[in-house]
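See structure below.
Throughout, read-outs are computed from the coordinates displayed, never taken from laboratory work. Computed from a predicted structure; not experimentally measured. Because the Cβ atoms are built from the backbone with ideal geometry, glycine has one as well, and the counts that use them run over all protein chains shown.
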Amino acid sequence: MTEITIPLRSHDEAILVLGPYDRYAKLLRQDLDIEIFTRRGNLRIKGSDEGVEEARRRIEHLLGKSRKGRDLALKDIESILLGNDLASLATSAPAKPARERPPATYRVLRSGGAAPERAPEESLDTASTPVPRLVSAVPNVRAARTSVVTPRSENQRRYLEAIEKHPLVFGLGLAGTGKTYLAVASAVKALRNGHCRRMIITRPVVEAGERLGFLPGDLQAKLNPYMRPIYDALHDLLDFDEVQRLEDAGVIEVAPLAYMRGRTLAHAFAILDEGQNTTIPQMKMFLTRLGEGSRMVVTGDPSQSDLDGGQRSGLNDAVARLRGFQDIGVVEFTPKDIVRHPLVEQIVRAYEAPSRVHREGERT
């Protein structure tokens with residue numbers, strides 16, 4: 001039994017090697033009969049001499065290319081880590097070939113302990129905007145907790161199709177139409193299918209007509225009230241401990257919009273929630289974060305802006321500027337798409353119509 005340590009320079013390197021949901025780590029364990037995990041910011045590998053040495057060669061080859069600034073496509077990462085890259089084996093003894101694995105996804109209804117139901121391959125790939133896969137889906141990645149999310153209205157169906165087809169989508173509509181929930185569900189699906197490495201969800205920190213003053217606790221505690229709707233969607237789709245684990249691993253990131261400045265979001269699924277509360281410069285800043293192999297969804301209700309008087313909403317401005325552009329989708333929801341309590345649709349319609357008090361005042 002041999003154990004070695006490979007130093008890592010950053011958290012991104014850990015994600016690069018282990019893959020989303022530890023997918024690459026699982027494949028390496030199966031292929032080379034090794035144990036691989038991170039500890040104190042470094043990579044630890046345990047197993048037979050031959051398996052550990054082969055894993056070390058593959059991983060160091062991948063890290064070497066990354067550290068030289070090479071632009072690695074997802075298929076290149078997969079090829080190197082699965083031992084199919086001839087360059088990685090040029091100076092080493094022949095390694096045993098990776099095992100064949102049928103490409104399939106597993107769709108399971110959220111019922112504890114239910115057996116997996118095999119379903120046809122679901123992909124975000126389209127002819128116009130192909131999305132490279134990280135690896136074939138692995139059925140044992142906590143698949144039993146995956147929800148089957150289906151659209152409940154025609155606009156919801158168009159919204160999901162637009163997210164699959166376009167790298168940038170705006171979802172506009174009233175409260176309760178499923179804008180945020182469906183976007184988060186699409187991001188979870190993309191992670192599980194290996195179409196992205198990270199899920200990044202952000203929103204502007206704007207109070208809804210109140211001044212809450214000083215909030216106790218550390219930074220995370222101060223931000224939690226604003227991010228609560230996002231966590232509600234995540235916890236409905238994933239187990240609580242899984243969300244925590246993926247956040248700790250950097251696979252899921254929930255952060256305020258101000259933290260996006262200066263970043264390039266490559267190979268990520270990014271969601272901007274409550275977009276109506278962004279200013280024009282903030283919206284421009286977020287949209288220009290779009291990196292290689294990434295998708296963005298911007299959601300918001302143009303009728304519920306909490307910006308101070310006189311400030312134009314960045315959401316309305318962006319939709320006016322970008323509507324009709326190729327590879328940009330805009331889906332608008334109506335009160336018929338509301339999927340909360342049936343009373344919510346009636347409440348929304350009542351607020352959209354002229355008030356009874358106003359009509360009575362006109363008659364008098």
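Listing for the model above:
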{"item": "Out-of-range pairs (alpha-carbon distance over 21 Å; input LYS46/LYS68; LYS26/LYS46; LYS65/LYS189)", "result": "LYS46/LYS68; LYS65/LYS189"}
{"item": "Stokes-Einstein diffusion coefficient of segment 219-317, Kirkwood radius over Cα pairs, 37 °C, 0.692 mPa s, in µm²/s", "result": "223"}
{"item": "Environment charge at LYS284 (Cβ cut-off 13 Å; Lys +1, Arg +1, Asp -1, Glu -1)", "result": "+3"}
{"item": "GLY173 long-range amide H proximity, modeled H, under 5 Å", "result": "GLY300, ASP301, PHE333"}
{"item": "Potential lengthening between THR264 and VAL339 on full extension [0.36 nm per residue; Cα-Cα distance subtracted]", "result": "23.5 nm"}
{"item": "Local electrostatic count, SER313, Cβ distance below 12 Å [Lys/Arg +1, Asp/Glu -1]", "result": "-4"}
{"item": "Virtual spin-label span in nm between ASP239 and ARG321, 7 Å along Cα→Cβ", "result": "4.4"}
{"item": "Gyration tensor (alpha-carbon) shape descriptor, segment 1-64, a/c threshold 1.5", "result": "prolate"}
